[in-house]
Structures are given as C-alpha cells and as structure tokens.
C-alpha cells in the first residue's frame, strides 16, 4: 500500500487558474474591447489588430440594440482572449498618457491666464521669457482687455470665461504650440 507523502510541495504554476481569476481576466479583456469600440476609426488604425478583431469591432459599432451590443462585447472579449493583447494595452496606455499630458498643459495655461489677468506686468515678462517668439504687443493688449472686462463685470468678478479671457487663453495656447 502506497503512503501519501505530505511533505511533497505543490508548484502553484501546475494548478489550473481559479474560476475567479478566469472571470477577472475575461472582464478585463471585455473592458479593453469596450474601449476599442468607443474609439474612432482613425485611432483604431494605429493599433495592430487581427482581421477577426477588426471585423468584430466594426460590426459592434453598427449594433444599436442594447442586449445585442452587450453580447457582442462579450464576443469581442472572447476574440481578445485568442490574441496577444500586450501591444493593444501598450497603445491604450500611450493614449491615456497623452490625454493626461494634454489635460495638464491645458490646466497650466488656464492658471497662467488667470495669473496674467489678476497679476501685474511681472507676469507678462514671465510669459515673454517662457515663449520667446510671442507677439508682446498683442499679449499686452489681450491682458489689458481681459482685465478691463473683468473689472466691468460687477455681477461675477471671478468669472474667467469672458470673451477676452478666452481670446487670451487661445493666444497662450497657440504660443505654447498646444493647439
């Protein structure tokens, strides 16, 4: 009679994946598929998608029925399980990082605009140093007009969405090259 040896260790790599981990992976791939469905055709062309996956995404964009779309998202997840998703995930993270950088630059320009409107000529000098090719006369004119408009706005003096403030923001955005 053979004895069972309790001292033998099991290698966790030999065990099959648990149901929970399989479900988590399927849900993760389904979310990747949903993100691909939300993208435009121009963005999708930057991905290296298999023909089967590209056809599934194109078909998913045509489906309008909620339940049909839900089932099709599951199908896209299944197709993604059959493909290598490392390149797709890398490209998605690049897109996310670019979006984050654009948002950060946008907020920096908004802060700069508010500083120019609320500040003195010292802040104008800082802008001229930061963007050497900027038209200083136009910059000073836009700042002066935005200040004048803000002082004339007695109902809400903290409102920075006035016409001249928007023009100043566009000017700063163009000067920074982040159009």
> Which length gain, in nm to one decimal place, applies between residue 85 and residue 19 when the Cα-Cα distance is subtracted from 0.36 nm times their residue separation?
Replying inline: 21.7 nm
> Dividing the convex hull volume of the alpha carbon atoms of the stretch 98-176 by its residue count, what do you get in Å³ per residue?
Replying inline: 86
> To one decimal place, what Kirkwood hydrodynamic radius in Å is obtained for the chain from all pairs of distinct Cα atoms?
Replying inline: 21.5
>> Between residue 55 and residue 151, what is 0.36 nm times their sequence separation minus the Cα-Cα distance? Round to one decimal in nm.
In response: 28.8 nm
> Computed FRET efficiency, Cβ-Cβ of residue 27 and residue 141, R0 45 Å: what is it to the nearest 0.05?
Replying inline: 0.25
>> Can you compute log10 of I(q)/I(0) for the stretch 16-83 with the Debye formula, treating each Cα as one identical point scatterer, at q = 0.18, 0.21, 0.29 Å⁻¹?
In response: -0.66, -0.85, -1.36
>> For the chain, take the longest principal axis of its alpha carbons; what is the angle in degrees between that and the long axis of helix 86-118, to the nearest 10 within 0 to 90?
In response: 20
>> Using just the Cα positions, wrap the stretch 48-89 in a convex hull and report its mean projected area in square nanometres, one decimal place.
In response: 2.9
> Angle between the Cα long axis of helix 163-176 and the longest principal axis of the chain, 0 to 90 degrees, nearest 10?
Replying inline: 60
> What angle, in degrees between 0 and 90 and rounded to the nearest 10, separates the Cα long axis of helix 136-152 from the longest principal axis of the Cα atoms of the chain?
Replying inline: 90
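Read-outs throughout are calculated quantities, based only on the coordinates presented, and are distinct from any laboratory measurement. Source: prediction; values computed, not measured. Note that we place each Cβ from the backbone using ideal geometry, even for glycine, and neighbour counts take in every protein chain shown.
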